[in-house]
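A short write-up of the structure that comes next.
The values are calculated or read from the model by the stated rules, or taken from the named source; none is laboratory data. Just so we're clear, the structure is a prediction, and the values are computed from it rather than from any experiment. All Cβ positions, glycine included, derive from the backbone under ideal geometry; neighbour counts span all protein chains shown.
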């Protein structure tokens with residue numbers, strides 16, 4: 001039973017003018033328009049396309065965050081995903097959460113749902129980390145096809161054309177695998193009215209990171225600023241990192 | 001691109017779940033009762049967060065929509081802005097109708113959206129209104145095309161047709177595979193459809209009707225595949241007939257020299273003894289109730305739509321006056337400009353709220369036609385005025401189609417007139433208010 005997990009992130013809409021909070025603790029998010037990360041839209045579109053071509057049977061949309069992220073999952077359902085999973089993280093935990101946390105959650109879900117593919121956007125437009133896909137693959141010890149501009153399923157293998165600095169690279173990886181979507185992979189569809197209405201009836205399961213055996217994010221420690229590269233190297237040597 | 005909008009308000013209004021932080025102690029057994037009491041007394045009353053006025057949605061219309069309606073609105077708005085806006089300047093300038101948009105809208109499922117079954121979405125009337133608003137934000141001509149297909153062609157077939165007719169026509173109309181038009185208005189009978197001269201004569205030997213007459217100001221007719229034509233039968237009753245392109249004696253010439261709704265094709269329907277099979281007659285209605293039922297359906301969409309055009313003009317004028325510097329300050333710094341914008345904001349906001357109220361009434365089957373007349377008239381009249389004001393605010397640039405507003409000014413002249421002129425709707429309301437009709441000179 002071929003199943004694909006697609007990760008979707010709720011981010012501030014790309015067209016919004018970002019404003020910094022007066023206390024400089026972050027950016028203003030209250031009352032600000034949010035939408036699905038554009039690269040996640042491309043990931044959803046690719047997954048739905050694979051299902052339409054009958055390479056896979058089920059597409060599950062996953063998002064981590066507070067209640068509001070169910071809107072984003074609902075959007076993914078309207079685009080054609082079959083069901084959703086909302087991993088609930090809110091408040092300070094949500095603010096402290098980063099790619100490592102998310103990839104642990106995704107890795108656990110991929111195993112639990114017996115997914116053949118995990119498709120993510122290559123990066124989120126708010127933090128531009130470009131880490132979750134790669135970390136998820138590492139945690140699962142699965143092959144990864146990142147910055148995908150073309151995905152073709154060939155039996156038990158996936159042919160991925162990757163957009164890299166030098167041009168295009170074509171690789172063939174075996175499933176199960178993690179893919180991250182780049183801009184030119186496809187053009188996401190507009191959710192049609194009938195699909196938006198069908199999305200209402202699709203199920204969104206709710207769970208906490210603890211249910212997946214993933215612990216709370218560690219409290220983030222303050223960093224130290226140094227003046228020169230030599231200082232940096234010295235400090236790293238001093239605390240045993242290198 | 002798919003859905004871009006997400007409304008935080010809807011879900012933040014839902015039950016908020018308490019954030020559990022591992023670092024915060026929940027009150028241990030060691031804490032003394034006295035200590036806890038002191039904490040409770042010392043806690044200040046929680047102040048409600050200050051509400052920020054949002055000029056884009058002054059009375060929080062978004063919060064009154066269902067999640068589904070918001071998604072429909074946002075998805076369709078993205079399509080309109082990305083796929084329709086880029087075409088409109090040239091389409092309007094060169095009077096070219098992009099037939100493709102009908103198929104594109106069909107793919108999105110926005111044609112005949114309130115119809116249940118037959119490949120239609122089956123959404124609420126509020127969703128239909130939101131759809132109309134988004135299309136007309138781009139152009140009233142495009143919205144006219146959509147209104148005709150949905151309310152004036154699909155609706156009569158659905159409401160007054162046989163099961164066979166519905167199966168035969170509705171799915172293809174919904175997909176935008178075929179385009180329809182609505183033939184009621186005649187050269188000599190606009191506001192008084194009862195006086196129509198188009199006749200339908202029944203031929204028992206061939207089970208056909210022979211229809212002769214002329215209809216004018218018909219949106220879509222030059223390129224339509226079918227026409228829902230209203231004609232007077234021998235018993236004096238008006239009935240609806242589905243005419244198909246290719247029938248002998250049927251011609252649909254384009255009306256030239258039109259300076260409104262240029263992006264949509266408008267023409268006549270000329271019928272010279274057209275033989276129409278009996279199966280093409282809509283059997284479940286006779287009299288003017290038929291066309292009026294359709295018109296009311298369309299007028300409701302227009303009430304929302306016109307405000308979409310007004311919103312565009314308001315937003316465009318605001319941006320222009322913020323950008324344009326004269327006498328060392330932005331135009332928006334001037335009182336005359338701000339007063340105009342305040343008036344625009346007020347009328348659009350109030351208009352939209354009334355349209356929402358009406359949409360909910362229609363969905364609950366509690367709406368009367370006069371309500372729709374009232375709001376069609378209000379939205380069209382106010383929007384035309386807003387467009388004209390906005391044009392003025394743009395000065396010389398306001399007459400260039402590059403800035404779009406002049407196109408809305410031109411279009412809204414027609415929108416204010418068709419589907420019942422501003423004055424005719426006033427008479428409909430006047431009759432409802434006083435009980436006295438003032439349409440005709442007789443008592």
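General observations
- For the range B:252-274, the set of residues classified as surrounded by 14 or more Cβ atoms within 10 Å (Cβ to Cβ) and farther than 19 Å from residue B:98 by Cβ consists of B:268, B:269, B:270, B:271, B:274, listed by residue number.
- For the criterion of being away from chain A (no Cβ under 13 Å) and farther than 24 Å from residue B:300 by Cα, residue B:151 fails.
- Yes/no for residue B:410 being within 26 Å of residue B:331 (Cα to Cα) and buried (at least 23 other Cβ atoms within 10 Å of the Cβ): no
- Scanning the range B:161-173 for residues that are part of a helix (DSSP H, G or I) and surrounded by 22 or more Cβ atoms within 10 Å (Cβ to Cβ) returns B:169, B:170, B:173.
- Count - residues of the range A:61-74 that are surrounded by fewer than 23 Cβ atoms within 10 Å (Cβ to Cβ) and away from chain B (no Cβ under 14 Å): 0
- When the range A:1-41 is limited to residues that are under 22 Å from residue A:157 (Cβ atoms) and touching a helix residue (DSSP H, G or I) at 6+ places or on another chain (Cβ under 6 Å), the one that is nearest to the other protein chains (Cβ to nearest Cβ) turns out to be A:6.
- Search result, residues across the range B:192-243 that are under 24 Å from residue B:178 (Cα atoms) and assigned to a loop (DSSP other than H, G, I, E, B): B:220, B:224, B:225
- Subset of the range A:77-87 [surrounded by 24 or more Cβ atoms within 10 Å (Cβ to Cβ), more than 9 Å from chain B (Cβ to nearest Cβ) and either closer than 16 Å to residue A:194 by Cα or without any contact (Cβ under 8 Å) to a residue 12 or more places away in the chain (or both)]: A:77, A:81
- Close pairs (7 angstrom Cβ cut-off, 6 or more residues apart or separate chains): at pLDDT 95 or above in the range A:149-174, part of a loop (DSSP other than H, G, I, E, B) and loosely packed, with under 11 Cβ neighbours inside 10 Å anywhere: A:174/A:156
- In the range B:105-133, the residue that is farthest from the chain's Cα centre (by Cα) out of those that are more than 16 Å from residue B:152 (Cβ to Cβ) and facing another protein chain (nearest Cβ under 9 Å) is B:119.
- Taking the range A:136-242 and the strands (runs of 3 or more DSSP E) fully enclosed by it, the elements with 2 or more residues that are buried (at least 19 other Cβ atoms within 10 Å of the Cβ) and touching a strand residue (DSSP E or B) at 6+ places or on another chain (Cβ under 7 Å) are at A:144-154, A:157-164, A:177-181.
- Residues (surrounded by 20 or more Cβ atoms within 10 Å (Cβ to Cβ) and under 17 Å from the mean Cα position of the chain (by Cα)) located in the range B:79-92: B:79, B:80, B:84
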